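Chemist: Below is the structure I would like to discuss, written out as structure tokens.
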Amino acid sequence: MSGPRHVLEVEGLSKSFTIHARGRRVLALEGLSFTVQAGELVALLGPSGAGKSSVLKCIWRAYRPDAGTIRYQTAEGSVVDLARANDSDIVHLRTRELGFVTQFLHALPRLSALEVVARPLRRAGWAPEEARDRAALALAAVGLPSRLFDLPPSTFSGGERQRVNLARAFAVEPRLLLLDEPTASLDPASRDRVFGMIDDARRRGAAILAVFHDAEAIRRVADRTVTVHALVEVA
Amino acid sequence: MRQRSADALLPLGHGFGYLDEDAKRELRRAIFKAVCVPGHQTPYGSRELPIARGFGTGGLQITLALIGPEDVLKVIDQGSDDSVNAANLRRLFLATCPGVRETRRTQEASLIQTRHRIPERPLRADQILILQVPYPDPLVVVEPNESKRRLMHGRADYAKLWVKLYEGMVTFSEITISHRYPTRIAGHYVIDPSPIPRFDVPKLHRADCLYLFGAGREKRIYAVPPHTTAEPLTFEDVPFRVEDFTDPATGRRRACSRCGSTTSFLDEFFDETGARLFQCSDTAFCDEELAGRGAAA
Amino acid sequence: MSVLLEVEDLARIHGRGCDRCLEVTGPEHGTNRCRFCGSVVALRGASFALERGEVLGVIGESGSGKSTLVRLLCFDEPASSGRALFHEADRVVDLFALDAARRRAFRDTRLGVVYQNPMLGLALSISAGGNIAERLIAAERVRYAFLRERARALLERTGVPVARMDEPPARFSGGMQQRVQIAKALATEPPLLLLDEITTGLDLSVQARILDLVLELQEQLAVSMLVVTHDLGVVRHLASRTLVMRHGAIVEAGLTDQILEDPSHPYTQELVSAAL
């Protein structure tokens, strides 16, 4: 009989890049293992270039892992190996259960901030009006002034843009949140707001795997840390 | 319409009906095929004739292939038996087809060759109407490529014709085609019924007689056999309408100024004083109406 | 999620072809042309599935076979071999086994195609509404009021000013012509749209608006799309998954962000690094 299940169970994760033009291979991760439970925030530690972001991207499947398993327990209770799941299943999970916040917001240039947040909500199954209301709440929660809601984020400052990015990811209430230096471009007040949102998400039972650029953030919100070691490049 | 051909050497030095027997046989085959596939443009080898192409040689060849010494022939042009084209064609028939009797009375004729009109009097099962056709393909206005047009006919793909009707509606709020109105035969092929007015199109529908269409320059024969459906292309909610002869001043239908008919297709012209006049386009019909009224009076 | 279109081992060879055509062409040989018989292998071994409601990107340079793929799927060109299965609610349609009449009916009702060149998809001298009407009439709906109403609604939805519905697209800007093309493609509410380089040659701001329209339609109508382009930006914004083509073959397939961030085929790496 199995004990309490982890939302995420990474085992023996390895990733390398073959750069054909230069005829060489770069090793990014090797044999990494860790777990994240529901309601827990695990922070990844390691020197710059150690591959912390690569871990997140392997789980999000923007990178294809070379080896290892990434067992994720879905909302319906089944376990999917994200390292091997087919692309369509990944698309489905990304829409409904996974969230990924990077330091940059990728969105169509003309969309309003409200629409940037509402669109994934509709895709995840919210009705159009509900999605709108929810998107407005999420934008308010990250402290974006409401006069900006109907403007495209491409006209915003870096900090405002990042707040839209966070609102978009948190609004759908993903079961597993991947955060890659989400607060790097924020002022202290906004940062505190984001920490509050992270706490709310944890209380809700979300599992969170994060990379932070500052030790203060780790002290403030991390339950545990996992260290990623830098690897040497191989020919 | 039995023919006796090699027997009589005619003044012009040709056999009966001008054309040689091989030409007639080919024409008859094309006519049979056209009757078997209603509305389908059947190709044939159009022959040289002592009349230039474009002056009714398509109709002429059909008539020459069908006519026999006991036939009674009527030739009309725009409703009139006396216009130049009709007179010339009639002269050719009479010179090359000994025994054939000419008539102006529609009900007496066994064969009627016509241009731009169908007679007012309904035709009987023992009569054939032969129409001279300048442009046989209704699709030519929307598709310049002949092989594409053939495919479209085969697939009964007439969407582009409907678009043309649509564009007319958009611009003028009505269907703007006045003659050569595209008409669907037996539910499949759409034909160009030659430049008859819209007034004549309903006469094609489930008629007792056989209609044959001949294009001499374009080398096509097609047919609307007896009792075959002929539906003008139109929208479900925009009914097909024939020419309207209502006088806006009186609100009543105009009458022929000669015979007084209020049912016939009218031609409009001006008399010596400059006054507008309306008269039957079918002159034979007009004469008979006039005579009939005279007899009744 | 369920599959809408399944393409299996699709190939298209221009020329007479020989036994060795497939051996000596393709990405690993760096050419499309068979050196024995001179035939051109425009598409080979193309297999993929398109889910209902999904946007699948197809990316590659000119001559990679991506437009050939579109032309085969909309019957503009015959396939040399392979199958394409279209899943309807109650049956599976083997597209290339259909006769000419059924192909036409299929194209009229199940497929919408939008071309790079509006002249291929539109009659530029016929009014915008007339263009849409043509597609509706092809599907046997010939009430004038219905044609007007439907054309108006479609143009409205695709952002063409309704006041201009009776003008010929020849007078429209390039972006507006693409909108009319999209409206026409959507006229019969087809479950599948094939978009072939629809933003190529348009101004950047117009491109963004067209992409926005496509995304909006995809979301509202849940229509599946195959988006063929040479522009990485287009697949980044539109497609959840992407196929990379070269020399007539699919060299890589994957989630779009993975194709962009972790490309594995040498050609994809070249393509991505060239674009950044």
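The values are calculated or read from the model by the stated rules, or taken from the named source; none is laboratory data. Just so we're clear, the structure is a prediction, and the values are computed from it rather than from any experiment. Counting neighbours? That spans all protein chains shown, and the Cβs are built from the backbone with ideal geometry, glycine included. Side chains are part of the model used for accessible areas, which takes the heavy atoms of the whole protein and leaves out ligands, DNA and RNA. Shrake-Rupley method; radii C 1.70, N 1.55, O 1.52, S 1.80 Å.
Chemist: Considering C:His265, C:His237, C:His247, which residue is touching a helix residue (DSSP H, G or I) at 6+ places or on another chain (Cβ under 6 Å) and within 10 Å of chain A (Cβ to nearest Cβ)? Steps first, please.
Modeler: Values: C:His265 fails: touching a helix residue (DSSP H, G or I) at 6+ places or on another chain (Cβ under 6 Å); C:His247 fails: within 10 Å of chain A (Cβ to nearest Cβ).
So the residue among C:His265, C:His237, C:His247 that is touching a helix residue (DSSP H, G or I) at 6+ places or on another chain (Cβ under 6 Å) and within 10 Å of chain A (Cβ to nearest Cβ) is C:His237.
Chemist: Let me ask another. In this structure, is A:Ser53 at pLDDT below 95, more than 14 Å from chain C (Cβ to nearest Cβ) and open to solvent by 40 Å² or more (accessible area, probe 1.4 Å)?
Modeler: So A:Ser53 does not fit the description; no.
Chemist: On the given criteria, is A:Ser48 free of Cβ contacts under 8 Å to residues at least 24 places away in the same chain and not aliphatic (A, V, I, L, M)?
Modeler: Answer is yes for this residue.
Chemist: For the stretch A:61-85, give me each residue that is in a strand (DSSP E or B) and in contact with a Ser or Thr (Cβ under 7 Å, 6 or more places away or on another chain). Talk me through it step by step, then tell me what you get.
Modeler: Keep residues of the stretch A:61-85 that are in a strand (DSSP E or B), which gives A:67-73, A:79-81.
Correct list: A:Ala67, A:Gly68, A:Val80, A:Asp81.
Chemist: Yes or no: C:Ile259 within 14 Å of chain A (Cβ to nearest Cβ), assigned to a helix (DSSP H, G or I) and touching a strand residue (DSSP E or B) at 6+ places or on another chain (Cβ under 8 Å)?
Modeler: Numbers: within 14 Å of chain A (Cβ to nearest Cβ): yes; assigned to a helix (DSSP H, G or I): yes; touching a strand residue (DSSP E or B) at 6+ places or on another chain (Cβ under 8 Å): yes.
Judged against the criteria, C:Ile259 is a match.
Chemist: Answer yes if at least one residue in the stretch A:105-112 is buried (at least 16 other Cβ atoms within 10 Å of the Cβ), away from chain C (no Cβ under 14 Å) and either under 23 Å from A:Val211 (Cα atoms) or in contact with a helix residue (DSSP H, G or I) (Cβ under 8 Å, 6 or more places away or on another chain) (or both), and no otherwise.
Modeler: No, that holds for no residue.
Chemist: Answer yes or no as to whether B:Leu161 is more than 19 Å from B:Pro232 (Cα to Cα) and within 14 Å of chain C (Cβ to nearest Cβ).
Modeler: Taking the combined requirement at face value, the residue does not satisfy it.
Chemist: Taking the stated definitions as given, is C:Ser264 assigned to a helix (DSSP H, G or I) and surrounded by fewer than 22 Cβ atoms within 10 Å (Cβ to Cβ)?
Modeler: Spelling it out, it is not the case that C:Ser264 is assigned to a helix (DSSP H, G or I) and surrounded by fewer than 22 Cβ atoms within 10 Å (Cβ to Cβ).
Chemist: Would you pick out the residues in the stretch C:119-149 that are more than 9 Å from chain B (Cβ to nearest Cβ) and either buried (at least 22 other Cβ atoms within 10 Å of the Cβ) or among the polar types (S, T, N, Q) (or both)?
Modeler: Result: C:Gly121, C:Leu122, C:Ser125, C:Ala128, C:Ile132.
Chemist: Quick one: is A:Arg71 among the basic types (Lys, Arg) and within 12 Å of chain C (Cβ to nearest Cβ)?
Modeler: In short, no.
Chemist: List pairs: first residue in the stretch C:142-156 and over 17 Å from C:Pro168 (Cβ atoms), second residue open to solvent by 50 Å² or more (accessible area, probe 1.4 Å) anywhere in the structure, Cβ distance under 7 angstrom, at least six positions apart or on different chains.
Modeler: C:Val142/B:Glu236; C:Arg143/B:Glu236; C:Arg143/B:Asp237; C:Tyr144/B:Asp237; C:Ala145/B:Asp237
Chemist: Further question on the same structure: Residues that are open to solvent by 20 Å² or more (accessible area, probe 1.4 Å) and out of contact with any Leu (no Cβ under 8 Å at 6 or more places or on another chain): which helices (runs of 4 or more DSSP H) entirely in the stretch C:164-243 hold 2 or more of them?
Modeler: In the stretch C:164-243, C:204-221 are the helices (runs of 4 or more DSSP H) which contain 2 or more residues that are open to solvent by 20 Å² or more (accessible area, probe 1.4 Å) and out of contact with any Leu (no Cβ under 8 Å at 6 or more places or on another chain).
Chemist: In the stretch B:43-90, what count of residues is obtained for those that are of a type in the set (Gly, Ala, Ser) and farther than 26 Å from B:Cys286 by Cα?
Modeler: So the answer is 7.
Chemist: Now, a different point. Condition first: modelled with pLDDT under 90 and either touching a Phe, Trp or Tyr at 6+ places or on another chain (Cβ under 6 Å) or aliphatic (A, V, I, L, M) (or both). Now tell me which residues in the stretch C:214-266 satisfy that.
Modeler: Listed by number, the residues that qualify are C:Leu215, C:Leu217, C:Leu221, C:Ala222.
Chemist: If C:Glu197 satisfies all but one of (1) touching a strand residue (DSSP E or B) at 6+ places or on another chain (Cβ under 8 Å); (2) within 11 Å of chain A (Cβ to nearest Cβ), what's the number of the condition it fails?
Modeler: With (1) touching a strand residue (DSSP E or B) at 6+ places or on another chain (Cβ under 8 Å); (2) within 11 Å of chain A (Cβ to nearest Cβ) applied to C:Glu197, the lone miss is (2).
Chemist: I'd like to check something: does the stretch B:147-156 contain any residue that is crowded, with 17+ Cβ neighbours inside 10 Å and touching a residue at least 40 places away in the same chain (Cβ under 8 Å)?
Modeler: Here is the first cut: in the stretch B:147-156, the residues crowded, with 17+ Cβ neighbours inside 10 Å are B:149, B:152-153.
Filter once more, keeping what is touching a residue at least 40 places away in the same chain (Cβ under 8 Å): B:153.
Looking for residues that are crowded, with 17+ Cβ neighbours inside 10 Å and touching a residue at least 40 places away in the same chain (Cβ under 8 Å), one finds at least one in the stretch B:147-156, hence yes.
Chemist: If we keep just the residues of the stretch B:154-206 that are hydroxyl-bearing (Ser, Thr, Tyr), under 18 Å from B:Pro239 (Cβ atoms) and in a loop (DSSP other than H, G, I, E, B), which is nearest to the chain's Cα centre (by Cα)?
Modeler: So the residue we want is B:Tyr181.
Chemist: Which one is most open to solvent (accessible area, probe 1.4 Å), of the residues in the stretch B:17-57 that are aromatic (Phe, Trp, Tyr) and farther than 24 Å from B:His227 by Cα?
Modeler: Restricting to residues being aromatic (Phe, Trp, Tyr) and farther than 24 Å from B:His227 by Cα, the top hit is B:Phe55.
Chemist: Moving on. If a residue must be in a loop (DSSP other than H, G, I, E, B) and not aliphatic (A, V, I, L, M), how many such residues does the stretch B:103-130 contain?
Modeler: Within the stretch B:103-130, the subset in a loop (DSSP other than H, G, I, E, B) is B:103-105, B:109-110, B:116-127.
Add one more test, that the residue is not aliphatic (A, V, I, L, M), and what stays is B:103-105, B:110, B:116-117, B:119-122, B:124, B:126-127.
Final tally of qualifying residues: 13.
Chemist: Taking the stretch C:60-118 as the search range and keeping residues that are more than 30 Å from C:Ala274 (Cα to Cα), of a type in the set (Val, Ile, Thr) and more than 14 Å from every other protein chain (Cβ to nearest Cβ), which one is least open to solvent (accessible area, probe 1.4 Å)?
Modeler: C:Val93
Chemist: Which of (1) modelled with pLDDT under 90; (2) in contact with a Gly (Cβ under 9 Å, 6 or more places away or on another chain); (3) open to solvent by 10 Å² or more (accessible area, probe 1.4 Å); (4) more than 14 Å from chain A (Cβ to nearest Cβ) is the odd one out, the single condition C:Asp19 does not satisfy?
Modeler: (2)
Chemist: I need a count of the residues in the stretch A:124-154 that are surrounded by fewer than 16 Cβ atoms within 10 Å (Cβ to Cβ) and on the phi < 0 side of the Ramachandran plot.
Modeler: Result for the stretch A:124-154: 13.
Chemist: Another question, then. Does the stretch C:86-103 include one or more residues that are among the β-branched types (Val, Ile, Thr), part of a strand (DSSP E or B) and within 27 Å of B:Gly154 (Cα to Cα)?
Modeler: Yes, the stretch C:86-103 contains at least one residue that is among the β-branched types (Val, Ile, Thr), part of a strand (DSSP E or B) and within 27 Å of B:Gly154 (Cα to Cα).
Chemist: Any residue that is touching a strand residue (DSSP E or B) at 6+ places or on another chain (Cβ under 8 Å) and of a type in the set (Asp, Glu) - is there at least one of those in the stretch B:157-173?
Modeler: No: the stretch B:157-173 contains no residue that is touching a strand residue (DSSP E or B) at 6+ places or on another chain (Cβ under 8 Å) and of a type in the set (Asp, Glu).
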